[in-house]
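> Sharing a structure below in structure tokens format, with a few things to ask.
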Amino acid sequence: MSYFIVAISNGGRTFEQTYEKLHKAVSLREKDISEMFKFEIPSLMVGTLDSLMTLSDGMDKTDSIVENIVRNIEKTGMELSAYSGKTSELTVGGVPVQRYIQQFTWDYAKYPNRRPLKEVASLISGGVSAIDEELKQLSVSFADKQSALAEAKRRRSGNLLVVDLNDILTHDVMRSVNIHDTEYLKTLFIAIPRGNEDLFLNSIESLANDLVGYGGPDWSRHPDQLGTSVKFGSYVDRKKKRGSPVVPGSVNLIKEDSESCLFIVTILRSQYEAGHYEKDEFIPGNKIDFEDEFVKKCREKRFVVRDFKYNPSQSSKSARSLEQLQVEVDAMRSGLTRWCKTHYGEAFVAWMHIKVIRVFAESVLRYGLPVDFTAVLYKVANGSEKEVTNVLDKSLGSPQVNDEEDGEDYYDFVFIKFVV
């Protein structure tokens, strides 16, 4: 629904005469294209004309910022209502928006009219900015909680590539699985999409075949010591012979569904390279880990190594956690819905007061002092915005007035449009 706020100088007329002129401007039509209402403009403090001009220059931007905040609250409230399937109209203090606009009165208790106009405008915009910041924080918290819930649901209902394995690997499945988790051996759970089984089985035991050094002492240089204990170090070149960390014969299919398969693979987790002497200095040995590099090689082949440690009680914990997340999301949704209903009205009231300040400042700057103008509100019928604008321009404008100023529409009267 479109609304126009129009203000013109009384020009020596009484309020009633000016009001009648504004009424006749659009009433003598073959069809009803608008409905007019009185629009209260309180007696505000003018201050200096310089300060009023400075204020007026920034009020259009302030109006736009406050409107965006109103729209954000409105959008959030509508999205929450759509999710619940319940249509919940946002109101202004329990009054429908259109009725509040059409019966608007200045809130003297909240925004004292005898304070400097700049101070009143700052008070209004500051209050709305605080509402906006609170909405951002609540929206982020709610979005994070929704994401956590969606992830929890995905992990419980997805395929083997994403599902929480503790939810599907039952005791009956796991009692036949031999799991190694020692300093040097590690059993990995690897999920692959359906259709990649042959590729996986044909390549897994040779994957990362340059990763592990299997070399031993070079007995060819000292064949007389073959089979006896030797000083390693210079006698050993671990990297002379390389291979994959996968333990041969350790690959087994343990679970499958319509989209994916889950295998176990045992790998050499780490390897110790012995220290040695270089002349009189002993160079300590070091332990080399293979797991991270092997996982990286699997990722390159699109084999998904699942981060999994079997815990028989985890399945029930996961179910309780999901249930708790759902309760928290529902509670946050209800709370955010209530917040929108409350603060939408506050933001809308602030928005209308900003428009009143705009009308007042522009009217004083246009018509001068003392303050002597009348403002009204037009409720415009759908699709009649252009027609009403043209009618007002013809009835209230002056023939010599240029319709554009600096590329923007210009009228010989104060004219503010907005849509709700």
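Each value in this text was obtained by applying a stated rule to the coordinates, not by laboratory testing. Note that the structure is predicted; figures quoted are calculated from it, not measured. Quick reminder, even Gly has a Cβ in these numbers, built from the backbone with ideal geometry, and neighbours come from all protein chains shown.
> Please give the net charge around L165, taking every other residue with its beta carbon less than 10 angstrom from that of L165, where Lys and Arg add +1 and Asp and Glu add -1.
Values: positive: R155, K255, R306, K309; negative: D164, D167, D307.
Residues close to L165 contribute a combined charge of +1.
> To the nearest 0.05, what FRET efficiency results for E387 and H180 with a Förster distance of 56 Å applied to their C-beta separation? List each step's numbers first, then the result.
On the way: r = 82 Å, r/R0 = 1.47.
For R0 = 56 Å, the calculated efficiency reads 0.10.
> Against the 2.2 N^0.38 Å scaling, with N counting residues, where does the stretch 170-309 land? I'd like the Cα-based Rg ratio to two decimal places.
On the way: Rg = 18.8 Å, N = 140, 2.2 N^0.38 = 14.4 Å.
Here the answer is 1.31, to two decimals.
> Compute the helix-to-body angle for 15-27: its Cα long axis versus the longest principal axis of the chain, expressed 0 to 90° and rounded to tens.
70 degrees
> Is any residue of the stretch 272-300 close enough, with backbone N under 12 Å, to a label point placed 7 angstrom from the Cα of N209 along the Cα-Cβ axis, and if so, which?
none
> With +1 assigned to the C-beta of every Lys and Arg and -1 to the C-beta of every Asp and Glu, and no other charges, what is the dipole magnitude of the stretch 91-225 about the Cα centre in debye, to the nearest 20?
On the way: 15 positive and 18 negative charges, 272 e Å.
Magnitude of the dipole: close to 1300 debye.
> Among V376, S88, F15, whose Cα projects farthest towards the positive end of the dipole of the chain, with charges put on the beta-carbon of Lys, Arg (+1) and Asp, Glu (-1)?
Of the candidates, S88 comes out farthest on the positive side.
> Then there is this: I want to make sure I understand the PRE zone here: with the label point 7 angstrom from the Cα of S220 toward its beta carbon, which residues in the stretch 237-268 have backbone N atoms less than 14 Å away?
Of the residues in the stretch 237-268, 237, 240-241 have backbone N under 14 Å from the label point off S220.
> Putting +1 on Lys and Arg Cβ atoms and -1 on Asp and Glu Cβ atoms, find which of N252, A121, L138 reaches farthest to the positive end of the dipole of the chain.
Among N252, A121, L138, the one farthest towards the positive end of the dipole of the chain is N252.
> Let me ask something additional. What's the FRET efficiency of F308 with K241 using the Cβ-Cβ distance as r and R₀ = 25 Å, to the nearest 0.05?
On the way: r = 32 Å, r/R0 = 1.29.
Computed FRET efficiency for F308 and K241: 0.20.
> Across every pair of different alpha-carbon atoms, what Kirkwood hydrodynamic radius in Å does the chain reach?
On the way: mean 1/r = 0.0343 Å⁻¹.
Hydrodynamic radius (Kirkwood, Cα only) of the chain equals 29.1 Å.
> Separate question: Tell me the label-point distance for the pair Q324, L369, using the 7 Å Cα-to-Cβ offset, in nm and rounded to one decimal.
About 6.6 nm, to one decimal.
> Give me the one-decimal nm value for the distance between modelled label points at A130 and K75, 7 Å along each residue's Cα-to-Cβ direction.
Placing both labels 7 Å beyond Cα along the Cβ direction yields 2.5 nm.
> To continue, here is another question. Magnitude of the Cβ-charge dipole of the stretch 170-309, K/R +1 and D/E -1, about the Cα centre, nearest 20 debye? Walk me through the numbers before you get to the answer.
Values: 21 positive and 23 negative charges, 20 e Å.
It comes to approximately 100 debye.
> Any chance you could give the angle, 0 to 90 degrees and rounded to 10, that helix 291-300 forms with the longest Cα principal axis of the chain?
So the helix axis and the longest Cα principal axis differ by about 60 degrees.
> Can you give me the distance in nm between label points at D144 and K287, each placed 7 Å from the Cα along the Cα-to-Cβ direction?
The two pseudo-label positions are separated by 3.6 nm.
> On to the next question. For the chain, take the longest principal axis of its alpha carbons; what is the angle in degrees between that and the long axis of helix 314-367, to the nearest 10 within 0 to 90?
30 degrees
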